[in-house]
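First the structure, in the form of structure tokens, and then the observations on it.
A short reminder: the numbers here are calculations on the coordinates, not readings from a lab. Every value quoted in this text rests on a predicted model; they were computed, and no experiment measured them. We place every Cβ from the backbone using ideal geometry, glycine too, and count neighbours over all the protein chains shown.
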Amino acid sequence: MQAKDINTIGIVGAGLMGHGIAQVFAFHGFQVNIYDVDPTMLLAVPDRIRENAVVFEELGLVTPEAIAAGLNNITLCTTLPGLTDGAQVIIEAVSEKLDLKIAVFREIESYAAEDAIFCSNTSAISITDISQGLDHRERFLGTHYWNPPHVLPCVEVIKGEATSNEVFETVCELLQSAGKDPVRVLKDVPGFLGNRLQHAMWREAVAMVEMGIAHPADIDKVVKNGFGLRCAFLGPLETADLAGIDLSREVHAYLFPFLSSTTTPSPVLDTMCRENKLGAKTGQGFHDWPEAKRRGFVKQRDETLLKILSMRRPDEKEGR
Ligand SMILES: NC(=O)c1ccc[n+]([C@@H]2O[C@H](COP(=O)([O-])OP(=O)(O)OC[C@H]3O[C@@H](n4cnc5c(N)ncnc54)[C@H](O)[C@@H]3O)[C@@H](O)[C@H]2O)c1
């Protein structure tokens, strides 16, 4: 199948990521079928997308007519056979559990068209492991979007052990036609590129809380007002080049023995989970999250990110 022939996308899982991925394709003119096992999540999709679109409209990036047309491209499906009907590419965004993903893909394959392409939005699980129950593993791969998926341009495209080159390239081309900036991950390693980088930093951030080195707000601030601010402009390896490879090497030689190398989650996180301090969704995590603050914060996040994207280096702008 060629990217130019694809006009209908199926999305399984209508949560935080699924509804945003639906918005990406629907607002780029694709027909989108979306399904969730939980009818409340499914029915919430149009309102969630309307709410996401407010910032785009305020910034003049989309008209009310285009929002209505985008929403009109979305079909809420109450069954999996309904979801697969006509879908040429099916993207799974269900909860991050290997057994669940394997079972969902087995079922999807039993209903889907014979040449349908299957994508998982897993954050970190091996693509090859998820594909183990499929008859046609050559049509299976990872497409890892970043939250918020309707704003951030990067999608990591992960080649499983059995993924065919043709399917891999078709999906990269499809993502470009939906305004995304695909990154090719040629080896299927847990966490792919972005989550290996991100969670290496989070391990250190949580370890510093555990050791009482600083308050969470100050750890966040050093990223937001320090090196994080340049991350939209410079990647870590560009930064190393500008700082000097010799200096980077010296810092690594001195610093690495002091960094966290734990292979298990911090006891700090264990305690927070036990106390239901799960972050914004339960109102408390490292910070307090009353509902009004959470909503305002998410809107301001999207607005800030969209403004940054409009100002980026010309060579980085092809996405979104
Ligand atoms: N949250 C993030 O920042 C983020 C970023 C990138 C990737 N991901 C990945 O995306 C996937 C989804 O994450 P999320 O944050 O959207 O989770 P979520 O909990 O918001 O949504 C998951 C949805 O899947 C539905 N679901 C569960 N079992 C199902 C089934 N058998 N059939 C259909 N629907 C089913 C649930 O009802 C729920 O609505 C996970 O694999 C996650 O790791 C998440």
Which log10 I(q)/I(0) values does region 85-205 give at q = 0.13, 0.15, 0.19 Å⁻¹ under the Debye formula, counting every alpha carbon as one identical point scatterer? -0.47, -0.63, -1.02
Output the 0 to 90 degree angle, nearest 10, between the alpha-carbon long axis of helix 165-177 and the longest principal axis computed from the alpha carbons of the chain. 80 degrees
List the lysines whose alpha-carbon lies under 17 Å from that of LYS180, not counting same-chain residues fewer than 8 positions away? LYS4, LYS307, LYS317
Give me the extension gain from ASN147 to THR78: residue separation times 0.36 nm, minus the current Cα-Cα distance, reported in nm with one decimal. 22.3 nm
Points 7 angstrom from Cα along the Cβ direction at PHE256 and ASP315: gap in nanometres? 2.9 nm
Per DSSP, the loop-located chymotrypsin sites (Phe, Trp or Tyr not before Pro) within region 189-298 having at most 14 other beta carbons within 10 Å are PHE233
Based on the alpha-carbon gyration tensor of region 202-320 and its eigenvalue square roots a ≥ b ≥ c, which shape applies: rounded if a/c is under 1.5, prolate if not and a/b is larger than b/c, or oblate? oblate
To make sure I understand the rule: partners must be lysines, Cα under 17 Å from the Cα of LYS293, and not fewer than 8 residues away in the same chain. Which ones qualify? LYS277, LYS281
Reach of LYS224 by Cα under 20 Å, taken over aspartates and glutamates that are not fewer than 8 positions away in the same chain: GLU204, GLU238, ASP288, ASP302, GLU303
Site THR239, offset 7 angstrom along Cα→Cβ, radius 20 Å on amide nitrogen, limited to region 178-211, gives 192-209
Using helices alone, I'd like the mean residue ellipticity at 222 nm for the chain: each DSSP H run of four-plus residues gives -39500 (n - 2.57), total over residue count, nearest 500. -14000 deg cm²/dmol
Just the C-alpha atoms of region 3-185: what Rg/Rh do they give, with Rh taken as the Kirkwood radius? 0.94
